[in-house]
Amino acid sequence: MPTLSLTSKDPATLTADALVVAVAAGPSGPRLIGGDGFGAAVRTQLTNALSAVAATGAQDSVQRIPAVAGISARSVVFTGLGTVPAAIPAEVLRRAAGAAARELAGLAKVAFALPAPDAEAVTAVAEGALFGAYRYNRYRTGDGIKAPVGSLVIAATGGTTPAARAGVKRAKILAAAVHGTRDLINMAPLDLFPAAFAVQAQQVVENLPVAVTVLDERRLSRGGYGGILAVGQGSSRPPRLVRLDYSPTGASSHVALVGKGITFDSGGLSIKPAGSMDEMKSDMSGAAAVLHCVAAVAELGLPIRVTGWLAIAENMPSGTAQRPSDVITIRGGRTVEVLNTDAEGRLVLADALVAAGELKPDVIVDIATLTGAQVIALGSRVSAIMSNDDDLRDRVHRVADTSGEQFWPMPLPQELRASLDSRVADIANIGERFGGMLVAGLFLKEFIPSRGDGDGAESVPWAHLDIAGPAFNTGSGHGYTPPGGTGVGVRTLVALCEDLAHSPIE
């Protein structure tokens, strides 16, 4: 990850390979935004250059020109904001900074002179630049490989205040978590199998106040984790359940985070079409997000207990694979009729949700690349929120929006629950095809424990985040989002932990 620093110097005097300035679109043409400290002559030259390169100021547009007189950097980069109001939203700044950092890979040092009059804006620019300065080069060889930008400098026009410095510190921690999540998602499944993922988890938190427990196939069998074992039994590389415990003194509440970790999903005997099966290395995105969220929360020192659960398996077809019509027993004793082995994520999550509930947390949140129906409903950039608790659902939506991640609340219609009825077991693993994302949420809801005893006891507040589409970018990069693993969900989970630490759910 690149280094990042703040400066209160005149951006025109900064020595760098490139100086990034903002351009807004408008009915009368593009115009420079920010660049406080530029003299009139510099602004005139830059304005003339906008016309010369036919700049539009559109979002995601990035254009580079040689430096003009009065600029110390070797080149100037125009990054588009789109059409913006007087008060530029934080996410617009993130995307503009990220698009520039992404396009400038290969440069050693890049300075940013985007409009940053206060700590919130400085933080947004820092986050976007760091998120955008990412490339996955692990498997590349030969010449011409571009590394991400090595050093980022942000000109803070409002001064390097304590609030701005604190925002940048948090941005670095978040970016490290997002980059780490992307790295895991992009890793080839040859290298990231369940046992290797468990080792990665231990390495990520080894210098943090986080305890790690790894359940191998023998401990999973003794513990009755029938869902994880059934999904993993078709692979020669057995499953794992990883538990991460961050328990600071004086914690205000306890949140359990559960992540789906299918290191490769062939669909099992209900095999997937070959066309896009290569993308199924990303089916562990939820577990990667949980792992790096726990690490970030510990790094930030948040006063909240967080227990992370990574339900990890490889779903493969073989002579030992589970079969459609098998009946398996989830931890806690509930039986599931497996009607489709490609609906495997909900099986590993069911085991982990039950285990998470046994610790009696105040809140449970699971995150998973769970259903193709999510992509049909919300597309490839908007994730879904389902919940049994209105307050929790609204919190997730709010903190996601503030963080710059797009989530949208979805219902859990009770009338769809009957489609999960099984003729031979307590529940089937698939139901009604239409509304399949919601049906999957209803399945998971069955494994959320109650708070208290008796028939009138309410369930633990729980939210389910389906990130099937947004977790893996199959197209070209945009804003601060690279091709491949995106790291979606990390920022929302961290922000939710911050919110719950200061205002627990009653």
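Read the figures in this text as sums done on the coordinates, not as results from a lab. Quick caveat, the model's predicted, so the values are computed rather than measured. Note that each Cβ is placed from the backbone with ideal geometry, even for glycine, and that neighbours are counted across all protein chains shown.
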Check your understanding: Out of the DSSP beta bridges found with both residues in region 369-506, what percent are antiparallel (nearest 5)?
Key -> 75 percent
Review point. What is the distance, in nm, between label points placed 7 Å from the Cα along the Cα-to-Cβ direction at residue 64 and at residue 249?
Key: 5.1 nm
**Study point:** Projected label distance in nm at residue 10 and residue 237, using a 7 Å step from Cα toward the beta-carbon
**Key:** 5.7 nm
Point to revise | Contact order normalised by residue count of region 108-202, Cα under 8 Å, 6+ apart, percent | key: 39 percent
Exercise for review: Anything over 20 Å Cα to Cα? Flag those among 9/146; 272/445; 360/445; 172/260; 9/109; 260/445, in the order listed.
Suggested key: 9/146; 272/445; 172/260
Exercise for review: Could you check the simple spin-label distance between residue 318 and residue 421, using points 7 Å along Cα→Cβ, in nm with one decimal?
Suggested key: 3.8 nm
Point to revise | Fully extended contour minus Cα-Cα distance, from residue 272 to residue 51, at 0.36 nm per residue | key: 74.5 nm
Point to revise | Relative pair counts by distance (%), Cα atoms of region 3-162, 10 Å bins | key: 11, 44, 35, 8, 1
Exercise for review: Quote the relative contact order of region 376-506 in percent (integer), defining contacts as alpha-carbon pairs under 8 Å separated by 6+ residues.
Suggested key: 31 percent
Practice item. Compute the Rg/Rh shape ratio of region 192-502: radius of gyration over Kirkwood radius, all on alpha-carbon atoms. Key: 0.93
Review point. Which whole-percent values make up P(r) of region 29-83 when all C-alpha to C-alpha distances are grouped in 5 Å steps starting at zero?
Key: 4, 19, 33, 27, 13, 2
Check your understanding: Local charge sum around residue 323 (other residues, Cβ-Cβ under 14 Å, Lys/Arg +1, Asp/Glu -1)?
Key -> -4
Exercise for review: Estimate the FRET efficiency between residue 173 and residue 335 by the formula 1/(1 + (r/R0)^6), using the beta-carbon distance for r and 41 Å for R0, to the nearest 0.05.
Suggested key: 0.45
Review point. What ranking, highest mean first, results for peptides 248-255, 69-76 when packing means the other Cβ atoms within 10 Å averaged over each residue?
Key: 69-76, 248-255
Review point. If you stretched the chain out fully between residue 213 and residue 166, how much longer would it get, using 0.36 nm times the residue separation minus the C-alpha to C-alpha distance?
Key: 13.7 nm
Exercise for review: Take each of the peptides 355-365, 338-348, average the number of other beta-carbon atoms within 10 Å over its residues, and list them starting from the highest.
Suggested key: 338-348, 355-365
Review point. Normalised by the number of residues in the chain, what is the relative contact order in percent for Cα pairs under 8 Å and 6+ residues apart?
Key: 15 percent
Point to revise | region 452-506-region 262-294 distance, computed between alpha-carbon centres (Å) | key: 17 Å
Check your understanding: With axes computed from alpha carbons, what is the tilt in degrees of helix 490-502 against the longest principal axis of the chain, rounded to the nearest 10 within 0 to 90?
Key -> 80 degrees
Point to revise | Tail weight of P(r) past 23 Å, computed on alpha-carbon pairs of region 407-506, percent | key: 47 percent
Point to revise | Calculated FRET value between residue 1 and residue 381, using beta carbons and R₀ = 25 Å, to 0.05 | key: 0.55
Check your understanding: How much length is gained on full extension from residue 434 to residue 203, taking 0.36 nm per residue of separation minus their Cα-Cα distance?
Key -> 79.0 nm
